[in-house]
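The values are calculated or read from the model by the stated rules, or taken from the named source; none is laboratory data. Quantities reported herein were computed from a predicted structural model and do not represent experimental measurements. Note that we place each Cβ from the backbone using ideal geometry, even for glycine, and neighbour counts take in every protein chain shown. Surface accessibility is based on the protein's heavy atoms, side chains included, excluding ligands, DNA and RNA. Shrake-Rupley method; radii C 1.70, N 1.55, O 1.52, S 1.80 Å.
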Amino acid sequence: VIKERFINLNWNIGKMYKSLLWIGGVHGSGKSTGIQALSMQQPILRCLYLGDLFYHTAIAEGFEWEDLEEESKLLRVERKVKSNIETQLSEADILIDSHFCVYIGKKRFPGFHASNLLSLSQQTNARRALVLLFASPEEILRRRMGSKKKYQNYPTISNESLVNQELRDSEEYFAYFQKALSPRFVLRIDTTYTPVDKVVNLLERTYNELRS
């Protein structure tokens, strides 16, 4: 009887839901700051930086970043990234740091294509939450001007009209993500005047609700 209970316990542990917290926003939205603070408060969350995953996967596939302007190559890399995410979701709760819209060369693309988002939602038993962080164009520009980061391929550091376009693109593809990923929770956080600790509290509460 004890052995049977032990086996059943292991089976139930294996069937437990994992959590996927997908957070996106443009450069200067406060995304990285919020994610870093949340990961310190919730060390069981495994953080995946989607841009880094794409970059290193592209190199492993023999591509330069600029090659991904060709959509067939981008999708080839993205499928590899999706498999990586699925593997890691089988092991731990995942927090993804991403952009809902990406710019490669003169083209814009969704940060992840609908077919792969749909596959993620169907092939994993993860409970999913989708979060958009944003701020006013003026605040985005102020943060970028004060940041030490290099915004390569983002010529918007001093151009408010282009920041507005980025924000519109981010909103558009946020809706695209919602439709394809079918998240359990959807959250939009305006970080213009919201203190970092409050942003982190909102993210942490969303994560705890996913787990409940």
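Just a few scattered comments:
- The chain - mean residue ellipticity at 222 nm from DSSP helices (-39,500 (n - 2.57) per run, n ≥ 4, rounded to 500): -17000 deg cm²/dmol
- Ordering H56, Q178, N159 by the projection of their Cα atoms onto the charge dipole of the chain, which places +1 on the Cβ of Lys and Arg and -1 on the Cβ of Asp and Glu, puts Q178 at the extreme positive end.
- Proximal charge balance of A92 [Cβ under 13 Å; K/R count +1, D/E count -1]: 0
- Computed over every Cα-Cα pair of the stretch 74-117 and binned at 5 Å starting from 0, the pair-distance distribution P(r) comes out as 5, 18, 28, 26, 14, 5, 3, 0 percent.
- The stretch 40-121 shape via C-alpha gyration tensor axes, a/c threshold 1.5: prolate
- Cα-based shape type of the chain, given that a ≥ b ≥ c are square roots of the gyration tensor eigenvalues and the cut on a/c is 1.5: oblate
- The residues packed around L21, meaning those with a beta-carbon under 11 Å from its beta-carbon, carry a net charge of +2 if Lys and Arg are +1 and Asp and Glu are -1.
- Shape category assigned to the stretch 81-200 from the gyration tensor of Cα positions, a/c cut at 1.5: prolate
- Placing unit charges on the Cβ atoms only, positive for Lys and Arg and negative for Asp and Glu, gives the chain a dipole magnitude near 600 debye about its Cα centre.
- Cut-off 13 Å between beta-carbons: net charge of the residues surrounding S182, Lys and Arg +1, Asp and Glu -1: +4
- Fraction of beta bridges assigned by DSSP in the chain that are antiparallel (%, nearest 5): 15
- The lysine pair count for the chain, using Cα distances under 15 Å and pairs eight or more places apart or on different chains, is 4.
- Probe 1.4 Å - accessible area at R76, Å² to nearest ten: 100
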